[in-house]
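To keep things clear, I will list the structure first and then write my remarks on it.
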Amino acid sequence: MPLFGSKQKSPYELVRISRDALATIIKEGSGKKAEKATDEIGKQLVAMKNILCGVGDQEPQTEQVAQLAQEIYNFDLLLFLVNHLHRLEFEAKKDVVQIFNILLRRQIGTRSPTVEYVRSKNEILFTLIQGYENSDIALNCGIILRECVKYDILAKFILSSDAFYQFFTYVELSAFDVASDAFSTFKDLLTKHKTLCAEFIEKNYDKLFEHYVKLLTSENYVTKRQSLKLLGEILLDHHNFSSMTKYVGNTENLKLIMNLLKDKSRNIQFEAFHVFKVFVANPNKAKPIIDILFKNKEKLLTFLPKFQTDRTDDEQFMDEKSYLITEITKLQKP
Amino acid sequence: MTDAKRYKFLERIDGKDNSNNSTTVWTAEDSKSGNMIAIKRINLENKCIKDLEILRNEIAAVRSFKHPNIICYYDAATVGNETWLSMPYYSYGSSVNLFAMDILPNQKELLLMHVLRSVLNALIYLHELGYAHRDIKGKNILISANGNVCLSGMDKATKKSTFKQDWVAHEFIERAADSVVWAAPELLAQDIHGYNCKVDIYSLGMTAVELAYGRIPFDDMPVTQILLEKLNGISHARIHSFIQNTTDVVFSNSFYQLLDSCFKSDSDRWSAVQLATHPFFKRIKITNEDILQEFLHLAKPISEFKVSEGDY
């Protein structure tokens, strides 16, 4: 606490000063004034964080939190902070993430006012997604995005926008940390809200898998491996039953997965196995699928018994493999 | 420029000669900046999906730190089935190498002060952010050419609370076998009392012993036995008698008091902030890296530890 004057600023002042400082940073770009404004905003963010989290043993005060939240909505501060995140200092960026995520979790009865706010200012979500293009803020944006995606209305909004398809580019980036972070958000979007996701996948099946095939054939090892694993998870989730049926009825898919079974990476072969088994285990195989499997019957029966025989401690895998061998042996000329 | 072409690898410096290692460390020249850097090459094909997740979290954590005594990563690039983590080159390797050289006992204490104090700075920063490092040991403390001391090995770090240091965690660290020696008893106990960021202070104490004496009180014991001794509370007696019986190096009283403060049971153990005020550190007159400079000409930079080409 300073010795003289300067009693704690009100939530209104904190937010207003931040907005003014941001305006200065935007106007000045660089130089002394911008630096001073950057310092200023850093201080206000710390003060806001303290109100939201409490200091030391002190619990946050509900009334102050409510006032601050209200001022933040009134001034569109979240929107501005996200839009200009790259201009802030290192620690200030992290403070924005904390403030944003605490506010998101805030509830009044059954309402989540910040979630509603973000939904009404959808530019916020677009900017956050685009954040993956700037490595200085990519991980900060990723943390906020994953918190947003926990709420079905926000997840639904992203899925229904074209911005969702930008993820197919981000998960393939060569920066391991950024690409993996993007993949983690991408995965949450496709799996977190079961009914919503199933509906999305079913409705957008063609467009989605047209994009997805690029991930499965990616030059990027991490993308290829993670997307193949995720594909297995999606197909085996009973919520996605109708999309799964569609997927395993397509001969192009089967050919791709059979090629991946022979990939030079053992891990990719392994993940491919978990997709391949769905084709074979399907009790209502379409005729073209049976045709392909039958045509490759001999090859498969030579290949599978020798496939990753050292995974003896993975009992489920061993069981599934012998089940596939039995099923393929039973295949009759269609 | 693709990352594969950007770096010119010079020498392997992780000191292992097994060609099947999934992780190797190299010195390299970054053609973009012209700087000599270090690159950790991690073969992802030998990692399970869970390991990839751990790696992602580790990089994200390191990316969120900005502190002179904590390692930073420049870049994490996927190249083929490897990830190349580029970072500053710490030419003197780990603190274990540094303390392995012949130094006079009174100088050794000065060096200890400097190294431990630097790690403590890093811990104050981490604990404030709600992180526990959970793997403090000599091997994870790196020394740069200008004597900067830097904490690395963030793969076991965990974040429990963003705001408060009084959190309690219960989960056990996976793949912790090679850190049992340094681990605090309450971290190993996995009981309902849990643990908090003071586990790092215990490990700092063990690191102090490790560096001061050049070996650890449990050196030839099997891991399970160390674990049992820690759980049964008899490890304290062992550490005590180890120090008593090692008479070839003697330190000032305040050093032994420092160890006591680190090895107390967790409720009485000092926090990082408290420990920074310990009398042991009061004797640091020059607070900058000059202290280390005096010794570094005695030490060998690791790039001199030539690895012959046949080894890899």
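The values are calculated or read from the model by the stated rules, or taken from the named source; none is laboratory data. Fair warning: this is a prediction, and the values are worked out from it, not measured in the lab. As a convention, Cβ positions derive from the backbone with ideal geometry for all residues, glycine included, and neighbour counts pool all protein chains shown. Note: areas computed on protein heavy atoms with side chains; ligands, DNA, RNA excluded. Shrake-Rupley method; radii C 1.70, N 1.55, O 1.52, S 1.80 Å.
Distance between the pseudo-spin-label points of B:Met221 and A:Lys192 (7 Å out from Cα toward the beta carbon): 4.6 nm.
Amide H contacts of B:Glu82: B:Leu44, each under 5 Å away and 5 or more positions distant or on a separate chain (H built 1.01 Å from N in the peptide plane; Pro and chain starts excluded).
Relative contact order of segment A:176-324: 17 percent, from C-alpha pairs under 8 Å at least 6 residues apart in sequence. Ordering B:Asp135, A:Asp313 by accessible surface, largest first, gives A:Asp313, B:Asp135; the 1.4 Å probe counts only protein heavy atoms, with every chain in place.
Each residue of segment B:136-153 is assigned a 3J(HN,Hα), and the resulting list reads 6, 6, x, 4, 8, 10, 9, 10, 8, 4, 9, x, 6, 9, 9, 8, 10, x Hz, derived from the Karplus form 6.51 cos²θ - 1.76 cosθ + 1.60 (θ = phi - 60°), x at Gly and Pro.
Is the C-alpha gyration tensor of segment A:76-129 telling us rounded, prolate or oblate? Criteria: a/c under 1.5 is rounded; beyond that, a/b larger than b/c is prolate, otherwise oblate. Verdict is oblate for segment A:76-129.
Each residue of segment A:277-291 was assigned a 3J(HN,Hα) from its phi angle through the Karplus expression (A = 6.51, B = -1.76, C = 1.60, θ = phi - 60°), giving 4, 5, 4, 6, 6, 4, x, 10, 5, 6, 4, x, 5, 4, 3 Hz with x at Gly and Pro.
For the pair B:Val273 and B:Phe242, a Förster radius of 25 Å applied to the C-beta separation gives a FRET efficiency near 0.30, rounded to the nearest 0.05. Spread over its residues, the convex hull of the C-alpha atoms of segment A:193-333 is 115 Å³ per residue.
The equivalent ellipsoid that matches the C-alpha gyration tensor of segment B:56-201 spans semi-axes of 25, 21, 15 angstrom, in descending order. Using a Förster distance of 60 Å, how high is the FRET efficiency between A:Thr329 and A:Val46, based on the Cβ-Cβ distance and rounded to 0.05? E(calc), rounded to 0.05, equals 0.30. Sequence-distant contacts, meaning Cα pairs under 8 Å at least 6 residues apart, place the relative contact order of segment B:93-297 at 26 percent. The three principal axes of the C-alpha atoms in segment B:131-271 carry coordinate ranges of 44, 42, 27 Å, sorted with the longest axis first.
Pairs of Cα atoms nearer than 8 Å and 6+ residues apart set the relative contact order; for chain A it is 9 percent.
Provide the convex hull volume over Cα atoms per residue for segment A:189-228, in Å³.
Hull volume normalised by residue count: 62 Å³.
Inter-part distance, segment A:134-182 to segment B:94-108, computed on C-alpha centroids, equals 48 Å.
The order of B:Tyr89, A:Tyr323, A:Tyr170 by accessible area, most exposed first and with a 1.4 Å probe, is A:Tyr323, B:Tyr89, A:Tyr170.
Under a 5 Å amide H cut-off, with hydrogens placed 1.01 Å from N, B:Asp75 pairs with B:Ser86 among residues at least 5 apart or on other chains.
So what's Rg/Rh here for chain A, counting alpha carbon atoms and using the Kirkwood radius for Rh?
Details: Rg = 25.6 Å, Rh = 22.9 Å.
Radius of gyration over Kirkwood radius for chain A works out to 1.12.
Hey, got the average number of other protein chain Cβ atoms within 10 angstrom for residues in B:75-84?
Mean partner shielding for this stretch: 6.
Once you sort the root eigenvalues of the Cα gyration tensor of the protein assembly as shown as a ≥ b ≥ c, which label holds: rounded (a/c under 1.5), prolate (a/b larger than b/c) or oblate (the other case)? Taking the square roots of the gyration eigenvalues as a ≥ b ≥ c, the protein assembly as shown is oblate. Convex hull volume of the Cα atoms of segment A:43-104, normalised per residue: 78 Å³.
Here A:Glu116 and A:Lys255 are evaluated by their C-beta separation; at R0 = 41 Å the FRET efficiency comes out at 0.30. Only protein atoms count toward the accessible area here, which uses a 1.4 Å probe; on segment B:93-297, the carbon and sulfur part of that area reaches 52 percent. Excluding ligands, DNA and RNA, the accessible surface per residue across chain A is 49 Å² with a 1.4 Å probe.
Under 5 Å between amide hydrogens, built in the peptide plane, is the criterion, and for B:Leu10 it picks out B:Thr27, B:Ala28, B:Glu29 among residues at least 5 positions away or on other chains. The ellipsoid that matches the Cα gyration tensor of segment B:7-88 has semi-axes, each √(5λ) in whole angstrom, of 19, 19, 12, with the longest given first. Taking a straight line from the alpha carbon of B:Lys32, these aspartates and glutamates sit under 17 Å away, with near neighbours fewer than eight places off in the same chain left out: B:Asp3, B:Asp75. Taking label positions 7 Å along the Cα-Cβ direction at both A:Glu91 and A:Arg105, the computed distance is 2.2 nm, reported to one decimal. The loop-placed trypsin sites (Lys or Arg not before Pro) in segment B:31-80, going by DSSP, that have at most 16 neighbouring Cβ atoms within 10 Å of their Cβ come out as B:Lys32, B:Lys66. In order along segment B:38-48, phi translates into HN-Hα couplings of 10, 10, 9, 9, 10, 7, 6, 5, 8, 10, 7 Hz, rounded to whole numbers, per the Karplus curve 6.51 cos²θ - 1.76 cosθ + 1.60 with θ = phi - 60° and x for Gly and Pro. Using a 1.4 angstrom probe on protein heavy atoms only, the contact between A and B buries about 2200 square angstrom of accessible area, both sides summed.
The angle separating the long axis of helix A:90-105 from the principal Cα axis of greatest extent in chain A is about 80 degrees. Restricting the trypsin sites (Lys or Arg not before Pro) of segment A:16-48 to loop positions (DSSP other than H, G, I, E, B) with no more than 16 neighbouring Cβ atoms within 10 Å leaves nothing.
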